[in-house]
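To start, the structure under review is shown below, and the notes come after it.
The values are calculated or read from the model by the stated rules, or taken from the named source; none is laboratory data. Here the structure is a predicted model, which means the values were calculated and not measured. We place every Cβ from the backbone using ideal geometry, glycine too, and count neighbours over all the protein chains shown.
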Amino acid sequence: MIPPIASKFVAGESPAEAIDHARELNDRNVKAILNLLGEHYDARGPADEDAEAYLRLVEDIESADADACISVKPSQVGLDVGVEVFHENVERIADYAADHDVFVWIDMEDHDTTDATLDIFEKLARKHEGGVGVCVQANLKRTDEDLERLADLPGKVRLVKGAYDPPAEVALKEKSAVNAAYKEQLEYMFQQFDGGIAVGSHDPEMISYAEDLHDEYGTDFEVQMLMGVREDAQYDLAEEYEVWQYVPYGDKWLSYFYRRAMERKENLLFALRAVVGR
Ligand code: FAD
C-alpha cells in the first residue's frame, strides 16, 4: 500500500485501485488516463511484463465499464532494448485495446526517441483508423514539422511543453520561448486538425488560449492534467469541456512522487505537512 503522502499523485499500487479512482473521477465528469508506472527497462523481460499488465488493464477497464483509457511510455515496453521490441509491444497493446474499445496513448520521452514513437503511432493510427494518440513536446524545434505530419493522420495528439531536458541544438531553452511555441502550435492544431486535440497542460494561460481558439475555429479539444494537480480546475473545466486526468499507479510510485514533490514548492510543502501531520 502506498503511504497517504503519495496518494495525492498516485492512485495506488494495484490496477483495482486505479479503476476505483477512475470511477470516482467519472462520477465528477472527468475521464481517466491510466498509466502503470515504469520506464527505461534495459531487458526484454520487464518490458514484456508491463505490456501484459496493460492487456489485463484493458480487460479491467472494459469489465468495470469505466470511462478510461491507457497511456504507455515507450521505454516501459522495450524502446531501450530495441525499436522492434517497442513497436511489437505497443502494437500488441493497441490491437488488443482496439478489440476492447479502449483508447491508447503513447507518451513521448527523450528527444532521440521521437522518430521511433511517431513512426509506430502513424502505423497504428492508420491501422485502427484512430483509437491511438501520441504526445508531442513544444520545446523541441522539430515539433512544427511533426505537427504537419500528424495533421493528416487519424487519432489524437497531446501537446505538452516537454518534461525532458534536451540540448539547445534541438530544443528551446527559455520558458518564454516554449510558451510562445506552445501557443503557435495550438493555433496550428485548431486550424489544421479535424478534432483530436489534447491540451496537456496545467497552465491557465494555455487553457484559456485553447478556449479562445475553440471559439474562433470551432474545433473540439480536450484538456488533460495530472492527478493531484489543479484538481478543482479539472472539475470546473469538466462542466464545459472534455477533461481527462492522467492517473499513475503501480509499485514504482516512489520516484514519480519524488518528481512531483520536487517540481513545485506547493507540492513539497504538501508532502512535508503530511509527514509532520499538520
Ligand atoms: P508549467 O509551465 O510547468 O507551469 C505554468 C503554470 O501552470 C504555472 O505558473 C501554474 O499557474 C500552473 N501549474 C503548473 N503546475 C502546477 C502545479 N503543480 N500546481 C498548481 N499549478 C500549476 N511531458 C512529456 O515530455 N511527455 C509526455 O508524454 C507528457 N505527458 C503529459 C501528460 C499530461 C496529462 C500532462 C498534464 C503533462 C504531460 N507531460 C509530458 C508534462 C509536460 O511536458 C510538462 O512538463 C508539465 O505539464 C508542466 O508544464 P505545464 O504546461 O503544466 O505548466
Please verify whether the stretch 228-237 includes one or more residues that are out of contact with any Asp or Glu (no Cβ under 6 Å at 6 or more places or on another chain), within 14 Å of K31 (Cβ to Cβ) and touching a residue at least 40 places away in the same chain (Cβ under 8 Å). yes
For the stretch 132-155, how many residues meet the condition of being closer than 28 Å to V58 by Cα, more than 12 Å from the ligand (Cβ to nearest atom) and not aliphatic (A, V, I, L, M)? 3
Exactly one of (1) surrounded by 20 or more Cβ atoms within 10 Å (Cβ to Cβ); (2) within 13 Å of the ligand (Cβ to nearest atom) is unmet by D110. Its number? (1)
Selection from the stretch 73-110 of residues that are in a helix (DSSP H, G or I), within 19 Å of H128 (Cα to Cα) and more than 17 Å from the chain's Cα centre (by Cα): F86, H87, E88, N89, E91, R92, D95, Y96, A98, D99
In the list I61, I70, which residue meets the criterion of being in contact with a strand residue (DSSP E or B) (Cβ under 6 Å, 6 or more places away or on another chain) and not in a helix (DSSP H, G or I)? I70
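Condition check ((1) more than 10 Å from the ligand (Cβ to nearest atom); (2) exposed (fewer than 15 other Cβ atoms within 10 Å of the Cβ)) across all residues:
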{"site": "S201", "(1), (2)": "no, no"}
{"site": "S208", "(1), (2)": "yes, yes"}
{"site": "E211", "(1), (2)": "yes, no"}
{"site": "T219", "(1), (2)": "yes, no"}
{"site": "M227", "(1), (2)": "no, no"}
{"site": "A238", "(1), (2)": "yes, no"}
{"site": "V247", "(1), (2)": "no, no"}
{"site": "D251", "(1), (2)": "yes, yes"}
{"site": "R260", "(1), (2)": "no, no"}
Just one of (1) within 16 Å of the ligand (Cβ to nearest atom); (2) closer than 23 Å to A32 by Cβ trips up L118, so point out which. (2)
For the stretch 6-60, which positions are of a type in the set (V, I, T) and within 16 Å of the ligand (Cβ to nearest atom)? V10, V30, I33
Quickly run through the stretch 17-54 and pick out the residues that are more than 18 Å from the chain's Cα centre (by Cα), surrounded by fewer than 23 Cβ atoms within 10 Å (Cβ to Cβ), under 21 Å from V77 (Cα atoms) and not charged (D, E, K, R). Y41, A43, G45, P46
Does D251 meet the test of being at pLDDT 95 or above and out of contact with any helix residue (DSSP H, G or I) (no Cβ under 8 Å at 6 or more places or on another chain)? no
I'm checking my understanding of the structure. Among residues of the stretch 136-149 that are of a type in the set (A, V, I, L, M, F, W, C) and crowded, with 23+ Cβ neighbours inside 10 Å, which one is farthest from E187 (Cα to Cα)? V136
Of the residues in the stretch 138-189, those that are in contact (Cβ under 8 Å) with a residue 60 or more places away in the chain and among the β-branched types (V, I, T) come to none
How about the stretch 178-220: which of its residues are within 26 Å of G131 (Cβ to Cβ) and not in a helix (DSSP H, G or I)? F193, D194, G195, G196, I197, A198, V199, G200, S201, G218, T219, D220
